[in-house]
Amino acid sequence: MGSNSAAVFTPLAPPQEHERIQRPSPLESAQEQKRIEVIAHFTKEEYQLPQVSENGSLMDEEKFWLTNDCILRFLRATKWEVPEAIQRLESTLRWRREYGLYTDLTAELVEPEATTGHLLILGWDIQLSPALYVFPGRQTTQETARQIQYHTFIFERALDLTPPGVE
């Protein structure tokens, strides 16, 4: 590239459906009822996230994070125990706030880590999950909290790239 030319970045093409994708089995009626129960809990007009120091109302970003796939992940992880799934979801939402995922964790903050190229999202695997590649030899920055923030930032971007229906 000459000195007057700008870098060209081509975004990743969205993944195509693949016939070998193993989707979860359709929900049984009891499981569907539990999914609806969790959704109802978080969509009550008066809902407040417990144990937070400031406004307990869900932010738009938190509502966006609480996808059907996310709720199903938590329900499966708790063997379909609704109170435990709700408790874990609320605990995770609190951590996301405390860690600053919606306020402090920006591309500008983690840019020095990103320029090393030691952690990349390069396409999708056969199940359509984003493929993360780690190149430890490219890690050239000092060990800091920003490295953890960068990894968290990349995991969040991978979640953003995960197609609907992929858990």
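At a glance:
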{"item": "Which numbered condition residue 94 misses (of (1) farther than 28 Å from residue 54 by Cβ; (2) modelled with pLDDT of 90 or more; (3) surrounded by 12 or more Cβ atoms within 10 Å (Cβ to Cβ))", "result": "(1)"}
{"item": "Any chance residue 89 is part of a helix (DSSP H, G or I), open to solvent by less than 20 Å² (accessible area, probe 1.4 Å), farther than 16 Å from residue 30 by Cβ and at pLDDT 95 or above", "result": "yes"}
{"item": "Single match in 62, 32 (criterion: in a helix (DSSP H, G or I), surrounded by 15 or more Cβ atoms within 10 Å (Cβ to Cβ) and acidic (Asp, Glu))", "result": "62"}
{"item": "Residue count for the stretch 135-163, restricted to those that are assigned to a loop (DSSP other than H, G, I, E, B), of a type in the set (Val, Ile, Thr) and touching a residue at least 12 places away in the same chain (Cβ under 8 Å)", "result": "3"}
{"item": "Among residues of the stretch 35-59, those that are part of a helix (DSSP H, G or I) and either open to solvent by 70 Å² or more (accessible area, probe 1.4 Å) or touching a residue at least 12 places away in the same chain (Cβ under 8 Å) (or both), counted", "result": "8"}
{"item": "Residues that are at pLDDT 85 or above and closer than 24 Å to residue 99 by Cα, drawn from the stretch 134-149", "result": "134, 145, 146, 147, 148, 149"}
{"item": "Of all residues making up the stretch 106-152, the number that are in contact with a Lys or Arg (Cβ under 8 Å, 6 or more places away or on another chain) and either surrounded by fewer than 16 Cβ atoms within 10 Å (Cβ to Cβ) or over 15 Å from residue 15 (Cβ atoms) (or both)", "result": "8"}
{"item": "Yes/no for residue 116 being over 19 Å from residue 27 (Cβ atoms) and of a type in the set (Ser, Thr, Tyr)", "result": "yes"}
{"item": "Flag for residue 78 being open to solvent by 20 Å² or more (accessible area, probe 1.4 Å) and not charged (D, E, K, R)", "result": "no"}
{"item": "Scope the stretch 95-134; condition over 27 Å from residue 62 (Cβ atoms), part of a loop (DSSP other than H, G, I, E, B) and in contact (Cβ under 8 Å) with a residue 24 or more places away in the chain; matching residues", "result": "116, 126"}
{"item": "Check on residue 84, at pLDDT 95 or above and among the charged types (D, E, K, R)", "result": "yes"}
{"item": "Checking residue 10 against (1) over 29 Å from residue 125 (Cα atoms); (2) among the hydroxyl-bearing types (Ser, Thr, Tyr); (3) open to solvent by 70 Å² or more (accessible area, probe 1.4 Å); (4) at pLDDT below 90, the condition it does not meet", "result": "(1)"}
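The values are calculated or read from the model by the stated rules, or taken from the named source; none is laboratory data. Everything quoted here is computed from the prediction, not taken from an experiment. Positions of Cβ are generated from backbone atoms using ideal geometry, with glycine treated the same way; all protein chains shown enter the neighbour counts. To get the accessible areas, we keep the full protein, side chains included, count just its heavy atoms, and leave off ligands, DNA and RNA. Shrake-Rupley method; radii C 1.70, N 1.55, O 1.52, S 1.80 Å.
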